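*Asks:* What follows is a single structure, and I will ask about it in a moment.
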Amino acid sequence: MLRTMIAAACAMSAAAFLAHVPEAGAQAGGSSAGSAPVYTPPQRGAPSRRVGGSSRGAGDALPAVMILAPDHVGLTTSESPSLYWYLSKPTTVRVEVTLVDEKGETPLIEYAIEKADGPAVHRVDLAKHNIKLKPNVDYQWSISVVPNPSERSNDVMAGGVVKRVAVPDAVRRAPGASKGELARLSASQGLWYDAIALYSELIEQSPKSAELRRQRAALLQQVGLKEIAEFDLRASR
C-alpha cells in the first residue's frame, strides 16, 4: 500500500567503502575545498521520483518534512547506506520511517519516532537495522508525519528512491582520498547518497564548520531542496 501511495504522490507532484574512507579535517578536504561541489545526475528526463512533504490543510500545526534526495532515482555504492531527512520544526506528532523494495509487499524498515527535533537533519542508518540493499534494485523510502493514525489522508509524507550500484572506476582509483575529496568526487559521479552521507558525517564531526555547511547546501540547491539548503546556510553564518 505504501508503494502505491508514493507512486500516486509522485504522479501528482510530477558505501561498503564509505566505512573505510580516511577522515578529513574540519573543512571539506582537498585543495578545492572552497569551491562548490557539482552533482552530475546519472540520468536526465526521467519522471520525478521524489515526493514533497508540506502539510495539507493543517495550517502551521504540522512541520514540513523533506528527504535529502534528488527528484530521480538516487544512487549509492554502499550496501547499507545512511539516508537523511529534514524536519522544519520540532514535533511530538508521530513520525514514521519506512523502506520498501520494488515489490512493495512487506516493508524492510518500518518504525516510529515519537518526538523529533527541528529544524534539523535526521539520519536513517540502514546498517543499524541490518538492511543490505541488493544491487540494481529500486528501494522506496519515506518519512511520514502522522497526526491521526486512523486517518492517513492527513499524513505529511516525503519519499524518494535509492538504488545501489557498482563503484565507478573514478572512485575506485582514489583509495587515499579524504572524506571531503571523496564527497566531491561522488557527487561528480552521480552518487548522490554517498556524497550527502559523507558531507553529513563531516558536519556531525565538525558541526560549527561553515564551509561544510555551504558544501552540502550547494548540493541541495542543485536538486531543488532550497529550504534545507537555507537551513545549512543559516547555520554557516
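*Asks:* Within the bounds of segment 91-99, is there any residue that is at pLDDT 95 or above, surrounded by 14 or more Cβ atoms within 10 Å (Cβ to Cβ), in contact with a strand residue (DSSP E or B) (Cβ under 7 Å, 6 or more places away or on another chain) and acidic (Asp, Glu)?
*Replies:* Scanning segment 91-99, I find at least one residue that is at pLDDT 95 or above, surrounded by 14 or more Cβ atoms within 10 Å (Cβ to Cβ), in contact with a strand residue (DSSP E or B) (Cβ under 7 Å, 6 or more places away or on another chain) and acidic (Asp, Glu), so the answer is yes.
*Asks:* Next question. Is it the case, given these coordinates, that Val65 is over 15 Å from the mean Cα position of the chain (by Cα), at pLDDT 50 or above and closer than 23 Å to Ile203 by Cβ?
*Replies:* No: the conditions fail for Val65.
Quick grid of which residues meet (1) more than 30 Å from Arg234 (Cβ to Cβ); (2) assigned to a loop (DSSP other than H, G, I, E, B):
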site	(1), (2)
Trp85	no, no
Val95	no, no
Gly104	yes, yes
Glu110	yes, no
Gly118	no, yes
Asn148	yes, yes
Ala166	yes, yes
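*Asks:* Looking at this structure, is Pro175 under 24 Å from Tyr39 (Cα atoms), at pLDDT below 95 and outside any helix (DSSP H, G or I)?
*Replies:* yes
*Asks:* Now a separate question. Yes or no: segment 128-136 includes at least one residue that is closer than 26 Å to Glu79 by Cβ and assigned to a helix (DSSP H, G or I).
*Replies:* Checking segment 128-136: at least one residue is closer than 26 Å to Glu79 by Cβ and assigned to a helix (DSSP H, G or I).
The values are calculated or read from the model by the stated rules, or taken from the named source; none is laboratory data. These figures come from a predicted structure and were not determined experimentally. Here the Cβ is made from the backbone with ideal geometry for all residues, glycine too, and neighbour counts use every protein chain on show.
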